[in-house]
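First comes the structure, then the notes that go with it.
None of the figures in this text is laboratory data; all of them are computed from the coordinates on show. Remember, it's a predicted structure, so these values are computed and weren't measured experimentally. When we count neighbours, we look across all protein chains shown, and the Cβ atoms used for this are built from the backbone with ideal geometry, even at glycine.
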Amino acid sequence: MRGRVIGAVTVGAVGLAAAGAGVGVRRQRRRIVDRTPDDCPDFGSLRSEPMTVVADDGTPLHVEVDEADSEVTVIFAHGYALEMDCWHFQREHYRGRVRTVFYDQRSHGRSGRSPLGNATIEQLGRDLLAVIDAVAPDGPVVVAGHSMGGMTIAALAEEHPELFGDRVVGAALISTTAGGLEPSRILFPMVPAWGSAGPVGRTISALARTHKVVDGVRRAGKDVALVATAGLAFGDDVPGSYVEFVDRMLSATPFEVVAEFFPGFAALDKFDSVEVLAKVPTAVICGTEDRLTSIGHSRKLHARIDGSTLLECHGAGHMVIMERRDEVNGELDRLLAATGAEDAR
């Protein structure tokens, strides 16, 4: 039975991938790629000397620290199937002004692969603590998380609430949630040929066993994938280079990794845990056209975290950190100022 399900899904994926080579999708892809801004950011070019932080289960995490003469350290945690470079505009904004830390979540980017069974939101929270201990053992810390990175912060708050108001003096939760997520929404951009279908939750573990086949289908359907990324990651018609960059990060994440993390999203339930963030200035940020973690999730986070601020970026999608970089950076500046730990001029 499982083999028939896998076969049916894979055949359907291949069929739609072939359709993606059709004139209609190719035309849409060309329109996206042809959107050119006045400036073309060199995504992935911002680097610093890498270091390795070893998680409590032995997984090596790739970490980069942009040093600056500042009292506070801001640690950025990226989302599902992305990598640290998604924070390009925030890294550029703070470089030389504020000490910032960027790292690749386990099994993502340049970090090592997670042992089986440890690709969980709870483990990501422990990884964040390992990064804090390694790169900011002293002094105030602000944590910022996008999508799965925000869930990482929620996991840290659940396991170590005592850190908030002590070592952690501020938090930013961007395009994220603490529960109630429909997992197929976040899977769709990575396997657009079948990701929104009802059987996703029932077949994901089976497909993981044929991850090389699925990765091949994803490559074959690259036109479909790019068009899906444009529609689901962004709200407005952003420059084509932005879409291509996000699509490259998604495509570079092996489906086996996608599958390993997938079950954790349905089980996520940490709204009670995030209430401890009321101890510190907390900024909640989301685009009103976010199709993956919709604005309702951010409004609920704001309601559950007393004293938090809520920035709704009108018309922006899930990648609000790119699409509305000036609004997001401005809100992060205000957050840093509110902590009292840094003059974010």
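If a/c stays under 1.5 just call it rounded; otherwise compare a/b with b/c (prolate if a/b is bigger, oblate if not). Do that for segment 80-146, with a ≥ b ≥ c from the square roots of the Cα gyration tensor eigenvalues. Walk me through the intermediate numbers first.
On the way: a/c = 2.46, a/b = 1.42, b/c = 1.73.
Here segment 80-146 falls in the oblate category.
What shape does segment 43-120 take by its C-alpha gyration tensor, where a ≥ b ≥ c are the square roots of the eigenvalues and a/c under 1.5 counts as rounded, a/b above b/c as prolate, and the rest as oblate?
Numbers: a/c = 2.38, a/b = 1.77, b/c = 1.34.
It is prolate, given that a/c is not under 1.5 and a/b is the larger ratio.
How do 169-176, 108-115 rank on mean C-beta neighbours within 10 Å, highest first? Write out the running numbers ahead of the final one.
Values: 169-176: 29.0, 108-115: 19.0.
So the order, starting with the most tightly packed, is 169-176, 108-115.
Please sort 53-60, 42-49 by packing, taking for each peptide the average over its residues of neighbouring beta carbons within 10 angstrom, highest first.
On the way: 53-60: 15.4, 42-49: 13.0.
Most protected by this proxy first, the peptides run 53-60, 42-49.
When ranked by the protection proxy of mean other Cβ atoms within 10 Å per residue, highest first, what sequence do the peptides 308-314, 86-92 form? List each step's numbers first, then the result.
Numbers: 308-314: 18.4, 86-92: 20.7.
Answer by packing, highest mean first, reads 86-92, 308-314.
What is the spin-label model distance, in nm, from GLU275 to ARG299 if the labels are put 7 Å beyond Cα along the C-beta direction?
Between GLU275 and ARG299, the label points sit 2.1 nm apart.
Is the C-alpha gyration tensor of segment 252-345 telling us rounded, prolate or oblate? Criteria: a/c under 1.5 is rounded; beyond that, a/b larger than b/c is prolate, otherwise oblate. Mind showing how you got there, number by number?
Details: a/c = 1.80, a/b = 1.38, b/c = 1.30.
Since a/c reaches 1.5 and a/b is larger than b/c, the shape of segment 252-345 is classed as prolate.
How long is segment 57-96 along each principal axis, judged by its Cα atoms, biggest number first, in Å?
Taking the Cα atoms of segment 57-96, the three principal extents are 32, 22, 12 Å.
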